[in-house]
Every structure is written in structure tokens, then in C-alpha cells.
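Visitor: Below is the structure I would like to discuss, written out as C-alpha cells.
The values are calculated or read from the model by the stated rules, or taken from the named source; none is laboratory data. What you are looking at is a predicted structure, and each value in this text was computed from that prediction instead of being measured. Using ideal geometry, Cβ is built from the backbone for each residue, glycine included, and neighbour counts are taken over all protein chains shown. Side chains included, ligands, DNA and RNA excluded: accessible areas come from the protein's heavy atoms. Shrake-Rupley method; radii C 1.70, N 1.55, O 1.52, S 1.80 Å.
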Amino acid sequence: MIVFPGSNCDRDMYHAAKDALGEEAELVWYQDSHLSGYDAILIPGGFSYGDYLRCGAIASTSKIVDSLKREAERGTPILGVCNGFQILLEAGLLPGALLRNEKLKFICHHETLVVKNNQTQFTSDYQMDEEISIPVAHGEGNYYCDDETLAQLKTNQQIVFTYKDNPNGSVADIAGIINEAGNVLGMMPHPERATETILGSMDGLKMFTSLVKNWRDSYVTNA
Amino acid sequence: MKKVSIHITLKEGVLDPEGKAIEGSLATLGYEGVKEVRVGKLIEMYMDDAVDVKAEVEAMCQKLLANPVIENYTYDVEEGVVS
């Protein structure tokens, strides 16, 4: 888990991985520029660098992001949530950009998402078109890309989650997308905040269990 | 010294909710002649005379200052500025 100055969901993400999922996890400060040796990298939400310039823009130029790009190239699974998604877009690891919410409001509530691709290593524990309840908390989550990019996303089945009732104006109701290679996923909603019944929903846990299961499968196959 | 003023604006067709809110507010104040408002950014930089401004500023805009997916940029250079 990479922690930038201004990350504020790092503890939630850590708790989800460590306690709800029961796996080993470490918080890595952004100035430690090496990320090798991890089986998966999680980029938490927050307001890195106070959202100065554009959300995620300053963080995307930090040295650790060079290391992140190398890991992405190597096929390491990378999940960016909220500000983490913004950083992945600014770093060019995913296509498109995020704009201010259509109605300018910071939104913070549970949203119903639809699983549009359950053939990814992050979503294989879900059913296709399964509806799940995951919280959103953002002011700039309005996903934008040009028509050409959108057509590519559709053709390659890179749209992983859509909103049932689009809360922010995102193109094609997009809530989360994956890269072509299938190892980098970015999404605005927070699955780590939906991993225990006490949090009001456990629907996010399957993302983490999918990831672990797929890692184990590939590890056993390749061992 | 050279003074570089970089103007960053949203591309045509990209929704600008902030501009829309200002537009509504100006209408409330009675400025009926305002047909559209778009909000952008102005970045001012002072650079050494020796720097190849065109090459460096272009690269800075591409890499960091603007997001080419949603934004356009232009810049003016003022020569012989005393800081």
C-alpha cells in the first residue's frame, strides 16, 4: 500500500487487507522508491498533495510512481481506489481523466454498482451483472474520455464496474476500469470500506478474495 | 529573466461544472448578456534567459501542468523581465 502525503484511506485499505482479508500487508511511504517483491500493490484514496493542480497530478510525478510503472509492466496486480484511481490516470497507466462531479457536490454515500466484467483477477468472485453496494466519497469522480477511447474500453471489456444510478456524470456510467493487460484496475468507489458487516456492506470483500485466489492459482500453476 | 504565462483551459466539449455554476450566479446578478463561462488556470513562471523556453515549457505542460486528455494550453513569453 503506497502512502502519499495527503492519503487518508490508507488505514482503511490496510485494515481491509490485514484484518478483513487476513493477509500480510505493509504501508510504503512514497519516498521509498522501490516496490518490488510485493504480490499486489494497492493505492488508497485521499487528497494527495491537497489535490493541487489536478487530483493525483503531483503524486503521479513522484519517484515511487516510476517503480509502480515498472511493476505494472511486469504484470503485478495494482488496484487504485478514488485518489488512487486519479493517480493511475495521471500516471498514464489507465486511459481517460476525472473531472469535477457534474453537480459540483462532494458525494458520500453507498452506491449500487453493476459488475460488467467478472473475468478479471479482481472480480472473479462476483457474478456477471451482479449488483453490489459500495460507498463513494469524492468531489472529482466524473470519468471522462473521448469517444475513441470509450469505444476501445467497450471493445476490450475494460469497463469493470458501472453505476446503476450515475451520481457524478461519468461517461457511460463508468465507476471502474481495467487496463488492456488486465492487471491495473482503477475505481472511484471504495471496496475497502465494504468488507465487514459492521460497515454496512461486505460487497467489497470479494475484490480482495478474488485477487488472492487468482494469485494463489497462478502461483500454484507456475510453481 | 523571462516571464512565462501559461493559460490552461478545458477542451471544447469537456463539461465545466464550475463554469456552469458561475454562469448561473452571474445570471442571478442580472448579467443577461453572459452566454457561457469556462474556467481555466493561469500559471506564471520566471525563467533564466539561458533556458530554451519553448522546449521546456512544452514538455512541462505535457508532463505535468496540463492534462492533454481534457485540457489545452497556450503560453506567452515576456523577455527582459526584472524580478
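Visitor: Using a 10 Å cut-off on Cβ to Cβ distances, tally the other chain neighbours for every residue of A:90-102 and report the average as a whole number.
Guide: 3
Visitor: Moving on to the next point. For Cα pairs less than 8 Å apart in space and 6+ apart in sequence, what is the mean separation divided by the residue count of chain B, i.e. the relative contact order in percent?
Guide: 54
Visitor: Using amide H atoms built 1.01 Å from N in the peptide plane, name the residues 5+ places from A:S170, or on other chains, whose amide H lies under 5 Å from its own.
Guide: Excluding prolines and chain starts, which carry no amide H, the hits are A:Y143.
Visitor: Another question, then. Anyone know which of A:K63, A:K206, A:K116 comes out most mobile in the 10 Å Cα GNM of chain A?
Guide: Its mean-square fluctuation being the largest, the pick is A:K63.
Visitor: What does the accessible area of A:R193 come to, in Å² to the nearest 10, when a probe of 1.4 Å is used?
Guide: 70
Visitor: Turning to a different aspect of this structure: Over chain B, how many percent of alpha carbon pairs lie in each 10 Å bin up to the one with the longest distance?
Guide: Answer for chain B: a P(r) of 17, 36, 25, 18, 4 percent.
Visitor: In the P(r) worked out for chain A, what percent of Cα pairs fall beyond 25 Å?
Guide: Across chain A, Cα pairs with separations above 25 Å total 32 percent.
Visitor: Also: Taking only protein heavy atoms and a 1.4 Å probe, what accessible area per residue, in Å², does the protein assembly as shown have with all protein chains in place?
Guide: On the way: 15210 Å² over 306 residues.
That works out to 50 Å² per residue.
Visitor: Still on this structure, I have one more. Enter the Cα centre distance for the pair segment A:189-205 and segment B:23-78, rounded to the nearest angstrom.
Guide: About 40 Å separates the Cα centre of segment A:189-205 from the one of segment B:23-78.
Visitor: To the nearest 500 deg cm²/dmol, what mean residue ellipticity at 222 nm is calculated for chain A from DSSP H runs of n ≥ 4 alone, each contributing -39,500 (n - 2.57), summed and divided by the residues? Walk me through the intermediate numbers first.
Guide: Details: 5 runs with 53 residues, N = 223.
My calculation for chain A gives -7000 deg cm²/dmol from helical runs alone.
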